[in-house]
Amino acid sequence: MVSSSEYGSHTWDLILRVDHQHENVEKEFPLQVTGDLHVGGLMLKLVEKIKIAQDWSDYAFWWEQKNCWLLKTHWTLDKCGVQADAKLVFTTQHKMLRLRLPNMRTVRLKVSFSSMVFRAVSDICKMLNIRRSEELSLLKQSEGTLKKKKKKDKNNKDLVTEDILDLCNSPVSSGLSANPGLYSKTMTPVYDPISGSPASSTITWFSDGSLTEQNCSILALSHPNCSPETLAEMYQPRTLADKAKLNAGWLDSSRSLMEQGILEEDQLLLRFKYYTFFDLNPKYDAVRINQIYEQARWAILLEEIDCTEEEMLIFAALQAYHVSKLSLSSETHDSTCESEVDEVEAALSNLEVTLEGGNKSNILEDITDIPKLADNLKLVRPKKLALKAIKTYWFVFRDTSISYFKSKETAQGEPIEKLNIKGCEVVPDVNVAAKKFGIKLLIPVADGMNEVYLRCDNEDQYARWMAACVLASKGRTMADSSYQPEVQKILSFLQMKNWTMCSQAASEPETVDMKPECFVSPRYTKKFKSKQLTARILEAHQNISQMSLVEAKLRFIQAWQSLPEFGLSYYIVRFKGSKKDDVLGVSYNRLIRIDMATGDPITTWRFSNMKQWNVNWEIRQVAIEFDQNVSIAFTCLSADCKIIHEYIGGYIFLSTRSKDHNETLDEELFHKLTGGQE
């Protein structure tokens, strides 16, 4: 028998493999080690034995069997659990990765394969001049979304290779730390208000010169649309189950790329994962605004989000004539003017895209006089096996509830019914051309959702009531400082829809080379002939012809945000106690249970009413408790339950952001809310 102390002092052989590029040097090195040797000492012994003079500072040990990095160099081999059979690879931590950006351009850059994905995305965004990296993440395309593209990709390998933007020589790519003053408010770069590209004097603001001015322009400017044939080859979800496939491949933000099976030169998608675009500022968010615009544009073209014919034509007009035309004309525009930037800022001050109200006014509201609305509206209640019943009533909107009476004279008595809007789904039901201004309310009840339709007489009335409903659904009243901006936002969107036919529109010179099929989804290409589409897009263009490039992009984003399905990420789940599968929609402020067959919402749960959530990692079940003793539990069938868990924690983390705070992210809080305990 050998005592433990004697055993611990004995040496044993450990075979280490070195990932280097020297052809004439061996790649495997046997070393005699002891259990009390620390990882840093093992690295030193290995480098001495290799006898190659080079910088080894980026190298670390990757343990193949355990699928983990040995980054704690002060830990001993015994503490790490390393024994003689361990397969350790001495390899670089930063490796080449191909990223497909929202604008469908591919960039090639060096990324840390040992850092957690959250930190890696932060470094990538610094390199690409994108602020608020916490809104983005990396997505691995699922097999189902790649099938349709395989044939096309095989035939166009050369074309794809030429389209790659190589950023491998940037400081972050080389493993160097980025500029520590990234979000310094004293270093405000100025962007050209027309082209959106940065002034040369401020190009180094973000990452100490990692992007050249030319590369930054490529990322900040939109490029010509793809052909209808190319669009037809891309994956287009037809059902909710298809849409669920789009969100199945999000990487775990709390683990490294290497730990998740990502290899050097693999291709991933860089996408905005969380739809809360905080503090968008045209003065220094040119790249970020363009990439959000591009993600919205492709979501609409590929029908990842549903929109009406009227809305599709607005989107087509914005991208066809404004963003595309102005982007092309701005390529030769080199000058920038400080006053023009200020004018753009002033014009867009009310277009700042923040979903939860953004700026809060410091002015104290008069809490003794909460505003109310009172109007004659039409109430529409769908009836089974019968036509809809439409009647006019006197409606009063106070606090977060709507009461309706038989007439204005009876408003002092008891209402016919009182509708509590807090926590309900508010869906626009508008057709400006047909003068239809409706509000669809889906009010949670014990056995599902109760549908109520309100019909307004005109745009102004609709904007006031719709804004009040949207705020009330979030638990806010019309006394909130965001009420008037919400009204103006709705009116602005309606104004874009309210076009009139212009007899001279068809003779505009820009229409000669126009291919309208490039600006609408394939569904509308099949529905209309090319000349019809051109005419309809030109009609829609009349109300937006005076916009600047940045304003057009922000309007596009704003219109995208106004769609009922905006911000919903879908997953197929099985609720506890249920015998059939449902779809769970995850949004920035709520969860929605949706009938998989009909697409109708069944129940909505607000994050604001959530008390706690946890995951049973053994059975992969997510359990959530809400106020009023409401609790739900479900297993995720279309993706790992960790993805939904991270979505919920991520949105709660993003809701804590404030302009008044230091803009340094609390990374520890993010991992506490999203990491889980597996």
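The values are calculated or read from the model by the stated rules, or taken from the named source; none is laboratory data. From a predicted model like this one, the values you see are computed outputs, not experimental measurements. Counting neighbours? That spans all protein chains shown, and the Cβs are built from the backbone with ideal geometry, glycine included. For accessibility, only protein heavy atoms count, side chains too; no ligands or nucleic acids. Shrake-Rupley method; radii C 1.70, N 1.55, O 1.52, S 1.80 Å.
Some observations on this one:
- Computed FRET value (nearest 0.05) for ASP58 with MET234, which takes r as the C-beta separation and R₀ as 41 Å: 0.65
- In region 569-675, the alpha-carbon atoms span a convex hull of 112 Å³ per residue.
- Taken per residue, the accessible surface of region 569-675 reaches 47 Å², heavy atoms only and a 1.4 Å probe.
- In a simple Cβ point-charge model (Lys, Arg +1; Asp, Glu -1; nothing else charged), region 11-92 has a dipole of about 160 debye relative to its Cα centre.
- For region 554-623, the extents of the C-alpha atoms along the principal axes are 46, 29, 20 Å, listed from largest to smallest.
- Descending principal axes extents, region 11-92, alpha-carbon based, whole Å: 33, 23, 21
- Residues ARG523 and GLN495, FRET efficiency given R0 of 41 Å [Cβ-Cβ distance, rounded to 0.05]: 0.95
- Label-point separation in nm, ASP306 to ASN431, each point 7 Å along Cα→Cβ: 1.5
- Heavy-atom accessible area ranking, 1.4 Å probe, most first, across LYS273, LYS126: LYS126, LYS273
- Overall, the ratio between the Cα radius of gyration of region 371-478 and 2.2 N^0.38 Å, rounded to two decimals, is 1.02.
- Portion, in percent, of the accessible area of region 371-478 that falls on carbon or sulfur, probe 1.4 Å: 48
- Solvent exposure of region 371-478, expressed per residue, is 51 Å² of accessible area, with all protein chains present and a 1.4 angstrom probe.
- Only protein atoms count toward the accessible area here, which uses a 1.4 Å probe; on region 569-675, the carbon and sulfur part of that area reaches 46 percent.
- Taking label points 7 Å from Cα along the Cα-to-Cβ direction, ASN609 and ARG17 give a separation of 5.5 nm.
- Gyration tensor verdict on region 416-473 (Cα atoms; rounded if a/c is under 1.5, prolate if a/b is larger than b/c, oblate otherwise): prolate
- Fraction of accessible area attributable to carbon and sulfur, region 11-92 (%, probe 1.4 Å): 49
- Computed over neighbours whose Cβ is under 10 Å from that of THR604, the net charge equals +2, Lys and Arg +1, Asp and Glu -1.
- Magnitude of the charge dipole for region 385-438, about its Cα centre and with charges confined to Cβ atoms of Lys, Arg (+1) and Asp, Glu (-1), is about 200 debye.
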